[in-house]
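The structure appears right after this line, and notes come after that.
Every number in this text was worked out from the coordinates using simple rules, so none of it is lab data. All values derive from a computational prediction rather than experimental measurement. A quick note on method: Cβ atoms are made from the backbone with ideal geometry, for glycine too, and the neighbour counts reach across all protein chains shown.
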Number of protein chains: 2
Amino acid sequence: MFSFSLIIVTLLLGLLAVAYAWGIYKKMSAFEVGEERVVELSEIIHKGAMAFLKKEYTWLACFVGVVSILFLYRGVGSAYAFLLGAACSAGAGWLSMYVATQANGRTASAAKKDAGAALEMAFSGGSVVGMLVVGIGLVGIAVSYLFVSEATLAAFGMGASSIALFARVGGGIYTKAADVGADLVGKVEAGIPEDDPRNPAVIADNVGDNVGDVAGMSADLFESYVNSIVAAIAIGITSTDLYADGRALGFWGVAFPLLLAGWGVVSSIGGCLLISPRVLAGVPYLGAWIDWAFGRFEKLPFVRGVMDRIRGGDAAFALRMGLFAAGAKMIAGTFVLSMLLFITRGFHVFLAVTSGVVAGILIGFATEVFTSSDYRPVKDVAGSSDTGPATVILSGFSLGMKSTLVPVLLICLSTLASYSLAGMFGVACAAVGMLSITGIALSVDAYGPISDNAGGIAEMSQLPPEVRKITDKLDSIGNTTAAMGKGLAIGSAALTALALFVAYAQAARLQVIDIMNPKVVVGLLLGGVLPFVFCSLSIEAVGRAAQAMIEEVRRQFREIVGIMDGTGKPEYEKCVAISTAAALREMILPGVLALASPIVVGLLLGKEALGGLLGGTIVTGVVLALFMANSGGAWDNAKKYIEEGNFGGKGTSNHAAAVVGDTVGDPFKDTAGPSLNILIKLMTVVALVIAPMFS
Amino acid sequence: MFSFSLIIVTLLLGLLAVAYAWGIYKKMSAFEVGEERVVELSEIIHKGAMAFLKKEYTWLACFVGVVSILFLYRGVGSAYAFLLGAACSAGAGWLSMYVATQANGRTASAAKKDAGAALEMAFSGGSVVGMLVVGIGLVGIAVSYLFVSEATLAAFGMGASSIALFARVGGGIYTKAADVGADLVGKVEAGIPEDDPRNPAVIADNVGDNVGDVAGMSADLFESYVNSIVAAIAIGITSTDLYADGRALGFWGVAFPLLLAGWGVVSSIGGCLLISPRVLAGVPYLGAWIDWAFGRFEKLPFVRGVMDRIRGGDAAFALRMGLFAAGAKMIAGTFVLSMLLFITRGFHVFLAVTSGVVAGILIGFATEVFTSSDYRPVKDVAGSSDTGPATVILSGFSLGMKSTLVPVLLICLSTLASYSLAGMFGVACAAVGMLSITGIALSVDAYGPISDNAGGIAEMSQLPPEVRKITDKLDSIGNTTAAMGKGLAIGSAALTALALFVAYAQAARLQVIDIMNPKVVVGLLLGGVLPFVFCSLSIEAVGRAAQAMIEEVRRQFREIVGIMDGTGKPEYEKCVAISTAAALREMILPGVLALASPIVVGLLLGKEALGGLLGGTIVTGVVLALFMANSGGAWDNAKKYIEEGNFGGKGTSNHAAAVVGDTVGDPFKDTAGPSLNILIKLMTVVALVIAPMFS
């Protein structure tokens, strides 16, 4: 009875997110794009992106089919949960891409009006993506939970993880192959500008932004979101950490993470509304209510000041305030929830969750300091271009290595604090807390590639240069705020993986995982080397795919008559096909490595060694992911900083050196680095699923 | 009584190594260098190197003094052992540099005769270094052991480790600052050839080769060698793994590792003699005996074939056969020793040790495959220069990441095998086995920088170009065989650190180090991030020091009249002073980080968390060290491969791209990478020393 009500509440909160997304989407799609060329290009990108997903999902359907048959061994429930997890992840990815590729052209068109309109359109697209992901996540968990036990929910998480890994790796390869191919032959060899319609790889490049940054990022955060809840439930139901009399939390251990995530939906919607308050004016049913509520709220003087600045068009401020407001609302709600559910220990639980939320936000800040050109580190990397590409590489490299310290310290502090406050349940809830504002964090994140794409479309359909200027400005703001999203993705991956790891140990009935046991040491070492091998595979895959793209673009420039003066039409679809085929082919080996290694180690060396493997992978994976994301981000922004006219600006040897850094950083930050987030979660969730084999 | 005999035997075997080194040194120094200019240059380099060591040791003496006062808390024995360890390490480094800087000019001079004479001279220098290091190691352990208990021997190891870390980091910074400064301003900006006497940084560069590759490498292997023995003794004396009745090994657990190391001295001498059989002809006392023994041995047809090929001047074959012969002899001796000492379990122990020896050799091979231009991977890196520096960096990067897999697998296999055969004592003995042939491995290694220096001297004193050709050939052979030495350094660091880690856990009376304990997880994460931070610090230090060097060289080119036409003399000593000062200043922070972190974590988070810290550092440190060494080596050899005329050869854009890779790789392979070897050992030995505080 209790359980059933909980499921209904979860379902309703999930549906609230979906409804919000639906409302915004309706409003967004009502906007008519004026220019025919914009519509056409947007359509080509849309089709290319959907065609890629279709092929990817066809392949993944076979994979999911086979795995779910294997799951039948563990009962119909597991197979069902696994299938549902995979389907929800795929569905979230599909819808995200669908919406994002419709928002890009509209953003370009809206930018003809003014910056505010463009921000609203881009952010509308982003928030549909963000709210859909959390909505589908909550609905999926609720629907699974209707039919399976708490323990079997792990299969739901594994379904989400499997799709996420392939989406991240495949998307990362797709986008970078197209990017490198378009840049190297188009910009460097043929000397035509970025996003020039004469470049055969330009459509593939724009499709890639969606495939990598929208679908990949959505799948990544969907997975973190779902798995943090799954881990918290698995730990919560048996946790005896809270009460002195040794009672297990039982139902309340399940209810708390779900309600926390549900409250996150409400907080995220609040934050989104702050960013683009005009957005709801035309939405049927909801709009009037929220407008009324907002009107009352706005009477407060502080709120009025903030709102005025946002309405004045300060987009960076708006995005930041939206995130803060959501975070603050989240913390306030957590306080009420924990006091209600846990009474005497409520304050402890509240602090544990808050430690996760705060750590997530601070990791975002640390990421920003190391990757934004507003701060010293990126300026130093840009400055090192005085002595050529080698010093750019070295300085970016050491920046990335150094940047791992603060996030790891924050993760450690949050772990220690939440553990001492509420045991492993506290750690798991800290992860849920950190991820609860995924709705708005992903909205802010997804708005970036939409603006980027809008800029590409503006360029290709020869809209006035002011349009491009507006989208560029939006894109660059997005880059900065996206740092917070990236920090969240990595930080939450670490906490989620730790929680899943503990859930695994419990499920496998491990009393200890002793690193004095040589098998555990061997597991640790193997786990430590895996992320390196995984990165190597994905970087090489990008290299191979880019090579094929380079040759194709060169061929078209050579063979298609009149391509340069605009009389010959480039064969865009051939480049799209190359990226698609390469991404699908190259994602298999890393994917299999991630899925198979926990199983192989578990079977060959036993469950202790598997525990060691997970420990090693989490440690190296987290540090390496931080390093690669931050090095890559710093190189990217150092190049942009020089392009803004510093250290000589475009066309100088400084710029050339910075371009080398940026090219090296591309697969770091967009392929290998983010895939590691998923690797560590996927491996732990696989272990959690197979754990009953060992117990 | 037993113990005393054992100490005497150890002492004698150590003295045998010292005597051999002394004999070779006498012979070597009897060789008269004809050319005055060679003598002069050799003298300048010699003085520069010794001046650096003097300054470094002055600084370190204060540090050692302070630490040994702290040690007095733990008793006079610990302070004494610590002091002795530091003194032995410093002494070995000092003597190595002394000999190597005398062998360089003689090698240049001998190369005027023929390649065989040059090889003999260079290898003589190398083998004095190699045999001195193991000799001093054994003598040092024996002398410590006379006065302190087995447990207190750890302080001896810590003394050696502390000096080694500063020597490696300081030496690495010195050599790369000088190298980069000399290359960037001299070769690139001023367009004068390498090793041109007009370049003010040329002497600093040659001094750097000695400071980094001779003194640094000696200190590194001295430390591994000593600590593997220390760890094996600490574990052996209490080990109950071998006998069914639960007896501890006691005395035999101490005797076995010492005798193993002692037999390694004999095996190494045998291998060295194979490489340059003529070397002993003139040595008093010893020579005639060994010549006689050799004459009999050579009657065997297989041996005769090998000897003919070596006498024919095939230096690469000679070095390789020397290593193999030493390895074979080592394995044979191990068999006899283990059967004698452990009778029923002798064969198990034998196999455990052999697994270490074999793993060490195979890791060397794997290193060679990934870093020598004879194999596919380096050729691929060279080929990627077609698309510019960014792809060179990416391909070298992914090569390095991939290359970590095989060595880690070998370390894992050796660990599992030796553990299942003879418990943790087996793992510790595998490390001793791997390191027992340090004498010859270091000889082969140290011969490289001597040849390199000889080439520089030949160039600067305008000897005929054939001389330079011969030294270049020797140098390039040295690079290939050095791969084996590097593999050994990393593999043995891993096994030694594991053994020290177990010794720590025993000394701290830890029953388990459970990675389900959040404090241990936090330790693991902190341990995992440390090597990244450490690398970042040392790479940045190189950058800063190189910058200072670049400015000084530019200033001299600008201000000294007639420097370019040879009428003005460059101020070499200013560049030497810059490298010296930078190395000394920049080694402090990484050094303190390594020493302080185990103490801080131990005191703040407890002994379990300290165990986690060590585990995390070992895992990430080993993998990162392999990655950096192999990426760096591959870039270096890819550049050389292009310079040999492949992919366009010198002066093409391919070559320019490969130079970027090489520059990035320099601090990887010569500063950060090798320092990690020491980091992991130093941190574990510090933990071992402070362990009694926690028990």
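Under the 0.36 nm per residue contour assumption, what length would be gained going from the current alpha-carbon distance of B:TRP59 and B:MET339 to full extension?
Gain on extension, B:TRP59 to B:MET339, equals 96.1 nm.
Within chain A, which is the longest segment that contains none of the trypsin sites (Lys or Arg not before Pro) sitting in a DSSP loop with at most 11 other Cβ atoms within 10 Å?
That gives A:1-246 as the longest site-free run.
For each pair in A:LYS27/A:LYS113; B:LYS473/B:LYS681; B:LYS54/B:LYS639, compute the distance between the two Cα atoms and list the pairs where it is over 24 Å.
Among A:LYS27/A:LYS113; B:LYS473/B:LYS681; B:LYS54/B:LYS639, the Cα-Cα distance tops 24 Å for B:LYS473/B:LYS681; B:LYS54/B:LYS639.
Identify the residues of segment A:197-224 with backbone N under 17 Å of a label point that sits 7 angstrom from the Cα of A:ASP565 along the Cα-to-Cβ direction, or state none.
Taking a point 7 Å out along Cα→Cβ of A:ASP565, the residues of segment A:197-224 whose backbone N falls under 17 Å are A:198.
Could you pull out the GluC sites (Glu not before Pro) across segment B:1-70 that fall in loop regions by DSSP (anything but H, G, I, E, B) with no more than 10 other Cβ atoms inside 10 Å?
Sites meeting the loop and neighbour criteria: B:GLU32.
Quick one: dipole size for the protein assembly as shown, taken about the Cα centre, charges +1 on Lys/Arg Cβ and -1 on Asp/Glu Cβ, in debye to the nearest 20.
It comes to approximately 2560 debye.
Report, in whole Å, the centroid distance computed from the Cα atoms of segment A:367-422 and segment B:556-609.
Computed from Cα coordinates, the inter-centre distance equals 23 Å.
Dipole size in debye (nearest 20) for segment A:2-693 around its Cα centre, Lys and Arg Cβ +1, Asp and Glu Cβ -1?
So the magnitude is around 1340 debye.
What does chain B give for Rg and for Dmax, in Å, if only its C-alpha atoms count?
Answer for chain B, Rg first and Dmax second: 24.0, 82 Å.
What nm distance separates the two modelled labels at A:ARG304 and A:VAL66, each placed 7 Å from Cα along Cα→Cβ?
6.5
Nm distances between the label at B:GLN462 and the same-position labels in the remaining copies, 7 Å along Cα→Cβ, shortest first?
Those label-point separations list as 6.7 nm.
Run through segment B:606-695 and list the GluC sites (Glu not before Pro) located in a DSSP loop whose Cβ has at most 14 other Cβ atoms within 10 Å.
Those that pass, being in a loop and sparsely packed, are B:GLU644.
Tell me, how many Å apart are the Cα centres for segment B:615-666 and for segment A:23-61?
44
Compute the longest continuous run of chain B that contains no exposed chymotrypsin sites (Phe, Trp or Tyr not before Pro); treat a site as exposed when its DSSP state is not H, G, I, E or B and it has at most 15 other Cβ atoms within 10 Å.
Excluding the exposed sites themselves, the longest stretch runs over B:376-695.
Classify segment B:74-202 from the C-alpha gyration tensor, please: rounded if a/c falls under 1.5, else prolate or oblate depending on whether a/b exceeds b/c.
Oblate, because a/c is 1.5 or more while a/b does not exceed b/c.
To one decimal in nm, how far is B:GLY65 from the same spot in the other copies, if labels go 7 Å from Cα toward Cβ? Please give the shortest first.
Going from nearest to farthest copy, the values are 7.9 nm.
Tell me, B:ILE44, A:ILE173 in order of fewest to most beta-carbon neighbours within 10 Å?
With the fewest neighbours first, B:ILE44, A:ILE173 line up as B:ILE44, A:ILE173.
Go through segment A:179-276 and name the GluC sites (Glu not before Pro) that are in a DSSP coil and have 15 or fewer other Cβ atoms within 10 Å of their Cβ.
Here the sparse-neighbourhood loop sites are A:GLU194.
Percent relative contact order of segment B:603-695, based on C-alpha pairs within less than 8 angstrom and at least six residues apart?
Dividing the mean separation by the residue count of segment B:603-695 yields 40 percent.
For a bin width of 5 Å, list the pair-distance distribution of segment B:127-215 built from all Cα-Cα distances, rounded to whole %.
Calculated over all Cα pairs of segment B:127-215, the distribution is 3, 13, 16, 15, 13, 11, 9, 7, 6, 4, 3, 1, 0 percent.
Would you mind calculating the relative contact order of chain B from Cα pairs under 8 angstrom and at least 6 residues apart, reporting the percent as a whole number?
21
Please report, in Å, the Rg and the Dmax of segment B:1-70, where both are computed over Cα atoms only.
Expressed in Å, the Cα Rg and Dmax of segment B:1-70 come to 19.4, 57.
Which one of A:PRO377, A:ALA577, A:MET307 is farthest out on the positive end of the charge dipole of the protein assembly as shown, using unit charges on Cβ (Lys, Arg +1; Asp, Glu -1) and the Cα centre as origin?
A:MET307
Report the Cα-based extents of the protein assembly as shown along its three principal axes, largest first, to the nearest Å.
105, 78, 57
Say each of B:ARG37 and B:LEU12 gets a label point 7 Å from the Cα, pointing the same way as Cα to Cβ; how far apart are those two points in nm?
5.2
How many nm is it between the label spots at B:PHE251 and A:ALA244, if each spot is 7 Å from the Cα in line with the beta carbon?
5.9
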